[in-house]
Amino acid sequence: MALAGTAVRSTVRTRYSRLARREAMWGFLCASPWFFGFFVFTAGPMLASIVLSLTRWDLLSAPRFVGFQNYKTLLSGDTSVWHSLEVTTYYALLAVPLHTAFGLFLAILLNQKIRFQRFVRTVYYLPSVVSGVAVALLWQWIFSPDFGLLNTLLSYVGIKGPAWLADGRTVIPAFVIMSLWGVGASMIIYLAGLQGIPTELYEAAQMDGASTLRQFWTVTVPMLSPVIFFNVIMGIIGALQIFTQAYVMTAGGPHDASLFFMLYLYQNAFEYFKMGYASALAWILFFYIMALTLLVIRSSAVWVYYEGRTRGR
């Protein structure tokens, strides 16, 4: 009997292992298009850019190996690198907090019970899916100092509007204002997070006599902190890679006041034909974004709350 039981268990294990291997095979087969796309269009170009960053290549002749010369030049001999990084960081410091706060504000407003709620939500979300070039051309007209919509509205209340995109002092704030146009994407995520907060928490807070503002800071913000954390991370990554708006609207002007890092990278690659140098710039940006992202992730232990987990654990 013992031998028969052992034989049965062995047969079952063999069939189970065959089934597991078959399921694994079909799983990898179904996922193979993604793996193919990842290795061909993402991992492959990334590895190629590492190699190219160690070369001098003008797209016309064969790449010539120069070692770390490109990195030495951009870190010590090219002032435009640091200027473009400063401009990009300045933009991100302004845009990310405003984008986060405005998106949360809209989500709270649209979480209320109002007429035509779904239509209003759709209207606020639509601008975030419009083509970047179309948006840039629209806002270029809005910011026009002579006949733009914004300065025209300001003139009605007796205010002479600035030159916006033509003035180095206002060009970055103009881009920040324009970035709020696409706040609908983060608003939808905030809205989903708000609807996931248990109503019992608000009821308990009301019974304790908490005001609406107190409920916001003690219930809404802690429960929504993982969503805020996600949107901040995505906002930083997006803000540090701004390109289309500057390329279409200012081309880095006036006087390089809007020379964002991605725009400078593009100029080196496709205007100056320094593809090796541009690849090195791309990796510098990659490590800069990674450092800031890791810094925010490290700080999340202090301000991000997860249910069922004590702070920092």
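Since every read-out is calculated from the coordinates, none of them should be taken as a lab result. Keep in mind that what you see is a predicted model, and the values were worked out from it rather than measured. Here the Cβ is made from the backbone with ideal geometry for all residues, glycine too, and neighbour counts use every protein chain on show.
Could you give the distance between the Cα centres of the stretch 240-313 and the stretch 38-92, to the whole Å?
14
What net charge do the residues around residue 260 carry, taking every other residue with its C-beta under 15 Å from that of residue 260, with Lys and Arg at +1 and Asp and Glu at -1?
-3
If each residue of separation counts as 0.36 nm, what is the full-extension length gain between residue 237 and residue 286 once their alpha-carbon separation is subtracted?
16.7 nm
Convert each backbone phi in the stretch 243-251 into a coupling constant with the Karplus relation 6.51 cos²θ - 1.76 cosθ + 1.60 (shift: θ = phi - 60°), then list the ³J(HN,Hα) values in order as whole Hz, x for Gly and Pro.
Computed from phi, the couplings for the stretch 243-251 are 8, 4, 4, 5, 5, 7, 8, 10, 6 Hz.
Please turn the phi angles of the stretch 182-194 into ³J(HN,Hα) values with the Karplus equation 6.51 cos²θ - 1.76 cosθ + 1.60 (θ = phi - 60°), one per residue in order, whole Hz, x for glycine and proline.
With coefficients 6.51, -1.76 and 1.60, one gets x, 6, x, 5, 6, 4, 4, 5, 4, 4, 4, x, 4 Hz.
Per DSSP helix of 4 or more residues, -39500 (n - 2.57); summed, then divided by the residues of the chain. What does that give at 222 nm, rounded to the nearest 500?
-21500 deg cm²/dmol
Stokes-Einstein at 4 °C, 1.567 mPa s, Kirkwood radius from Cα pairs: D for the stretch 69-303 in µm² s⁻¹?
My calculation gives 65 µm²/s for D.
Work out from phi, with θ = phi - 60° and the Karplus expression 6.51 cos²θ - 1.76 cosθ + 1.60, the ³J(HN,Hα) of each residue of the stretch 42-48, listed in order in whole Hz, and give x for Gly and Pro.
10, 5, x, x, 5, 5, 5
Would you mind checking which residues have amide H under 5 Å from residue 253's amide H? H placed 1.01 Å from N; only 5 or more apart, or other chain.
Correct list: 258.
With a 10 Å cut-off between alpha carbons and a GNM built on the chain, which of 40, 183, 221 moves the most?
Between 40, 183, 221, it is 40 that shows the largest mean-square fluctuation.
Relative contact order of the chain: what whole-number percent is it, with Cα pairs under 8 angstrom and at least 6 residues apart?
Once divided by the residue count of the chain, the mean separation gives 26 percent.
For residue 247, what is the net charge nearby, where nearby means another residue's Cβ is under 15 Å from its Cβ and Lys, Arg count +1, Asp, Glu -1?
Taking every other residue near residue 247 into account, the sum is -2.
If you build a Gaussian network model of the chain, linking Cα atoms that sit under 10 Å apart, which residue out of 36, 175, 102 swings the most?
The residue that fluctuates most here is 36.
Label-point separation (nm) for residue 129 and residue 299, each offset 7 Å from Cα along Cα-to-Cβ?
With each label placed 7 Å out from Cα toward Cβ, I get 3.3 nm.
Give the long-range amide H neighbours of residue 56: residues separated by 5 or more places, or on another chain, with amide H under 5 Å away, using H modelled in the peptide plane at 1.01 Å from N.
64, 65, 66
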